[in-house]
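No lab work stands behind these numbers, since they all come straight from the coordinates. On a predicted model such as this, the values are computed, not experimentally measured, just so you know. Cβ placement follows ideal geometry from the backbone for every residue including glycine, while neighbour counts extend to all protein chains displayed.
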Amino acid sequence: MSSTLKIIRWVAFTLIAVLLLQIGFFAWHWYRRETSGSRFAQPVITTTGVPDVGGPFSLVNHRGERVTQDTFKGKPTVYFFGFTHCPEVCPTTLFEMTQHLKELGPDADRLNVVFVTVDPERDTPELLKTYMESFDPRIVALTGTPEEVTAAAKAFRVAYRKVPTEGGNYTMEHSASVIVTDAQGGFVSLIDYHEDKATALAKLKRAIRG
Amino acid sequence: MTKRSLFALLSTLAIGGMPAAMAQTPETYRAGAIVVEAPWSRATPGGAKVGSGYMRIMNTGSEPDRLVGGSTVVAERFEVHRSTVVEGVARMEPVIGGLEIGPGQTVELKPGALHAMLVNLRQGLNPGDTVKGMLIFEKAGVLKIEYRVGGIGAQTAPTAANTHQGH
């Protein structure tokens, strides 16, 4: 008796949930269509001065060469931080960046894309070299000593932390945002992990145009 | 009996409500009251030591069950995690004490949320591969499954015809 009631209640709830989800889905699509291209697509942010994101660093690229902030001057540059023992967020970001570069066509050569590991203990230049073969060859991966990585992350206001997991392993928590700088290394914008591809691409195009 | 037909009715309704592209018949695996649908994984970048596993797990019974472990032929360990990106910070929380699937409940392991993490990969995963594995449930016991491998950034399970799908 009560079990039948429970089932009926459960069925009703599920049906309502399915219905609400569908309404939500359509409403969201409608909203997106209505507002795309309007002021919602590109919020206007007013700041006084330029945020202090980006700064001096010295690291090693996946080809084993020493690089600094000056290596990337002359072109707008996209920086993001991650690690290779990362099942989802980091490969997804690298994959999306690869797609953006493809979409940009020849303009992609007017941009640097830099992936900095927050896990220098495991991410050696050799491992990064193999890892980066799966992505656009223009993307540069950087590592260094733990101190060098700490200094670089600090310069970019990127937080990261080692978190122990089962079996004596560890994973990393890290800021997943993409930082865009201009050709002089000055901060331009952030691309949030959840931002859609079109918005991210628009930000890259804007950075390229200067 | 009633419960079973109600469940069937509900499943039909739920599938009817999905976009047509998702309504293709996925691979289904059963053990006791547990039904696992469309296990899949993503291709891994070169040298990667971790992979991911996604699937839908349904409990058609009247008792809660738990996914307490698993294995694959390609990795040393199998763990269940929840990934989150909150206020720009990417985190992974292990699911402690097994992943509960309540009676009548469907739990989905999918990108950006709950996922199985295949730790210490012995080999890279490529689009189009299939990976044999096992899931261990507290009550339903051991279930042998096969993951289909999609592209590196795939957001949904690959179909036989389309293993290079990006999103």
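Computed from backbone phi with θ = phi - 60° and the Karplus coefficients 6.51, -1.76 and 1.60, the 3J(HN,Hα) list for segment A:102-107 is 5, 4, 5, x, x, 4 Hz; x is used for glycine and proline. On a 0 to 90° scale, report how tilted helix A:146-155 is relative to the longest principal axis of chain A, with both axes built from alpha carbons and the result rounded to the nearest 10. For helix A:146-155, the angle is close to 70 degrees.
With the Cα gyration tensor of chain A giving a ≥ b ≥ c as the square roots of its eigenvalues, does the rule (a/c under 1.5 for rounded; else a/b larger than b/c for prolate; else oblate) give rounded, prolate or oblate?
Numbers: a/c = 2.38, a/b = 1.48, b/c = 1.61.
Oblate, since a/c reaches 1.5 and b/c is not below a/b.
Using a ≥ b ≥ c from the Cα gyration tensor of the protein assembly as shown (square roots of the eigenvalues), is it rounded, prolate or oblate, where a/c under 1.5 gives rounded and otherwise the larger of a/b and b/c decides, a/b for prolate?
Prolate, because a/c is 1.5 or more and a/b exceeds b/c.
Of A:LYS102/A:LYS203; A:LYS102/A:LYS197; A:LYS75/A:LYS203; A:LYS162/A:LYS197, which ones are farther than 19 Å apart at the Cα? Before the final figure, lay out the partial values.
Details: A:LYS102/A:LYS203 15 Å; A:LYS102/A:LYS197 13 Å; A:LYS75/A:LYS203 15 Å; A:LYS162/A:LYS197 29 Å.
Going by Cα-Cα distance, A:LYS162/A:LYS197 fall outside the 19 Å limit.
Under 5 Å between amide hydrogens, built in the peptide plane, is the criterion, and for A:PHE81 it picks out A:VAL116 among residues at least 5 positions away or on other chains.
Counting only DSSP beta bridges whose two residues both lie in chain A, roughly 65 percent are antiparallel.
Converting phi to 3J(HN,Hα) with the Karplus coefficients 6.51, -1.76 and 1.60 and the offset θ = phi - 60°, segment B:33-41 yields 8, 8, 10, 10, 10, 6, x, 8, 9 Hz in sequence order, with x at every glycine or proline.
Assign unit charges at the C-beta atoms only (+1 for Lys and Arg, -1 for Asp and Glu), then state the dipole size of the protein assembly as shown relative to its Cα centre in Debye, rounded to the nearest 20.
On the way: 39 positive and 36 negative charges, 147 e Å.
Using only the charged Cβ atoms, the result is roughly 700 debye.
Once the other residues with Cβ under 13 Å from the Cβ of A:ARG110 are scored (Lys, Arg +1; Asp, Glu -1), what is the net sum?
The answer is +2.
Over all other residues within a Cβ to Cβ distance under 15 Å of B:GLY69, the charged ones net out to -2, with Lys and Arg as +1 and Asp and Glu as -1.
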